[in-house]
1. Please identify the pairs in which a residue from segment 509-521 that is farther than 17 Å from E432 by Cα and among the polar types (S, T, N, Q) has its Cβ atom under 7 Å from the Cβ atom of a residue that is surrounded by 13 or more Cβ atoms within 10 Å (Cβ to Cβ) and modelled with pLDDT under 85, counting only partners at least 6 apart or on another chain.
2. V16 versus (1) surrounded by 14 or more Cβ atoms within 10 Å (Cβ to Cβ); (2) modelled with pLDDT of 50 or more: which is the lone unmet condition?
3. Tally time: how many residues in segment 68-89 are of a type in the set (S, T, Y) and part of a helix (DSSP H, G or I)?
4. Name the residue that is farthest from E309 (Cα to Cα), counting only residues in segment 363-375 that are open to solvent by 60 Å² or more (accessible area, probe 1.4 Å) and part of a loop (DSSP other than H, G, I, E, B).
5. Hey, among I249, I299, which residue is at pLDDT 95 or above and either of a type in the set (D, E) or more than 30 Å from Y178 (Cβ to Cβ) (or both)?
6. Kindly indicate whether L89 is open to solvent by 10 Å² or more (accessible area, probe 1.4 Å), more than 16 Å from the chain's Cα centre (by Cα) and not polar (S, T, N, Q).
7. All but one of (1) modelled with pLDDT of 95 or more; (2) open to solvent by 10 Å² or more (accessible area, probe 1.4 Å); (3) within 24 Å of the chain's Cα centre (by Cα) hold for T395; state the number of the condition that does not hold.
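The values are calculated or read from the model by the stated rules, or taken from the named source; none is laboratory data. What you are looking at is a predicted structure, and each value in this text was computed from that prediction instead of being measured. Here Cβ is always computed from backbone atoms with ideal geometry, including for glycine, and neighbour counts include all displayed protein chains. These area figures cover heavy atoms from the full protein model, side chains too; ligands, DNA and RNA do not enter into them. Shrake-Rupley method; radii C 1.70, N 1.55, O 1.52, S 1.80 Å.
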Amino acid sequence: MRKLHNRAMRIPSLIVAVTLFISFTTSPQNAMCADRITGQAFATRSEVFATHGMACTSHPLATQVALDVLKKGGTAVDAAIAANATLGLMEPVSNGIGGDLFAIIWDPKTQKLHAYNGSGRSPKALTLEEFKRLGIKSIPSKGVLPVSVPGCVDGWFALHERFGKLPMQEVLAPAINYADEGFPVTELIAFYWERSIRSLGDQPGFLDTYTVDGKRAPKKGELFKNPKLAATLRQIATGGRAAYYEGNIARTMDGFMKRVGGYLRYEDLAAHHGNWVDPVSTNYRGYDVWEIPPNGQGIAALQMLNILEGYDIKSMGWNSADYVHLFTEAKKLAFEDRARYYADMEFSKVPVAQLISKPYAAERRKLIQMDRAARRYEPGEVLEKLGEGDTIYMTVADSSGCMVSLIQSNYRGNGSGLCPDGLGFCLQNRGEMFTFEEGHPNQYAPGKRPFHTIIPGFITKDGQPYISFGVMGGAMQPQGHVQIVINLVDFGLNLQEAGDCPRMQHYGSSEPTGEKMTNGGELALETGFAWEVISELQRRGHKVISDLGGFGGYQAIMRNNETGVYAGASESRKDGCAMGY
């Protein structure tokens, strides 16, 4: 997810001196108000342990739904689908059945990882010529132009067909019941919901779908019902994916888009299919870190890890100036390649193998100077010839050893804002990520998947499952993946501490939409970095800023393969929790 209000919340560097002193002089050990007897003082809670099953989501009720499905004999995939459907109802600012889905699954039967790319394509009727006729220079974030085919429901059924057990009527029943009976809105979701009303209230169907009285968002603790979504989910539960892509739901979306001047058509929906793909990995100090190849940005995390592996991160010290500097420079390098090469691999030949190779990382590493932040980098030279986001992350594991790493999103909060008549959900705005740059791999084309930010992660050790994890939040996601891996591997933090540790995010790299990095970008640091670290980073040329709400959302499950015990961790920056049984 890339939150709509992150940049508005950031504090400009010219007025940040006093704020930085107040925000950052607190040491990591004193960042939390509560005293902890064990573990790191900044940790918000202990890890959760269980043997039969574990679920970690961004909403406590969705976590409970997943556990209920596991207790009924469902698989981790059944539970993940049930929780995802519940989150689409309860956290519509981040996800829903109008968005896309990616997943990585460890299958104990085949003893391997399986990955699914459930992203949708651009409408066939929307061409570059049409954009030119409309005088559009870049794709907007709301309205009819950024809408692409929603891939979520297709993803549910593809995962369920291969790894599910319970009937879909039973899997979707909890979400349907909550939609009919209502659910209490949690604090952070209420915060973003209210802001979505302000920004998207002018879009067709939005106020009718997501307000209490046609005007306002539900408040914290207030019950909210969505009987329209309940009816839609019932059709999906009984009619399968065909009900969504070929039946009444598809026809309703088609008619709505024609009425509001949109381009998505029944034919686009009926032609949609996701893809099972082979995940790719790099080994970081003995741990294999896995991502899904483009059109997503997952390999950026692998590129960063390859670069950073060449340094003794552990000896530098946790959140030291040297570590933060190197992390930021590695990110800049990887993101220049991300902007230049990552795209739909059905349209462009992306040099994945070279980009995530150790020799390539060694060459890129030579560009980093320890005493100075780079103002900009150029993308790397590849040998292969090239052809012409809000989000939820969740993870579930069951007693068989199956582990699901799943991420699902509308892109920006509530997506395009367009809510088809009577269906109870909004359509995503993922098409905003295309560029009009001539010859760019991510150049807009009809029937093409846009560059995608949402990425599930997985770690294996010696060929066995170790950790399913993710960090939601737009460009924060690969940066978050890298920080989690380094916190665990280099700094020896436990699963919960690895997520609670103060984070950093670099803004301003070149983007797949054509935006170029200038003047080195900005480095946002969470409360907990020592003032002397901030001062040294500024001396090296980093533009350090404060940020609110821009550091993503983390969930993770770790498996002890000797005992079968799961450890679960949940994001303290969100409303959710980890629970097991």
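1. Sorted first by the residue in segment 509-521, then by its partner, the pairs are S509/M517.
2. The failed condition is (2).
3. Residues flagged as of a type in the set (S, T, Y) and part of a helix (DSSP H, G or I) within segment 68-89 amount to 1.
4. Of segment 363-375, the ones open to solvent by 60 Å² or more (accessible area, probe 1.4 Å) are 363, 366-367, 369-372, 375.
Right, trim to part of a loop (DSSP other than H, G, I, E, B) and you get 366-367, 370-371, 375.
Numbers: K366: 13, L367: 15, M370: 15, D371: 19, R375: 23 Å.
Within segment 363-375, the match that is farthest from E309 (Cα to Cα) is R375.
5. Of the residues listed, the single one that is at pLDDT 95 or above and either of a type in the set (D, E) or more than 30 Å from Y178 (Cβ to Cβ) (or both) is I299.
6. Here the answer is no, as L89 does not meet what is asked.
7. Every condition holds for T395 apart from (2).
Results for (1) surrounded by fewer than 24 Cβ atoms within 10 Å (Cβ to Cβ); (2) among the aliphatic types (A, V, I, L, M), shown as yes or no for each residue.
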| position | (1), (2) |
| --- | --- |
| T51 | yes, no |
| Q64 | yes, no |
| L67 | yes, yes |
| A76 | no, yes |
| V93 | no, yes |
| G98 | no, no |
| D107 | yes, no |
| L113 | yes, yes |
| L126 | no, yes |
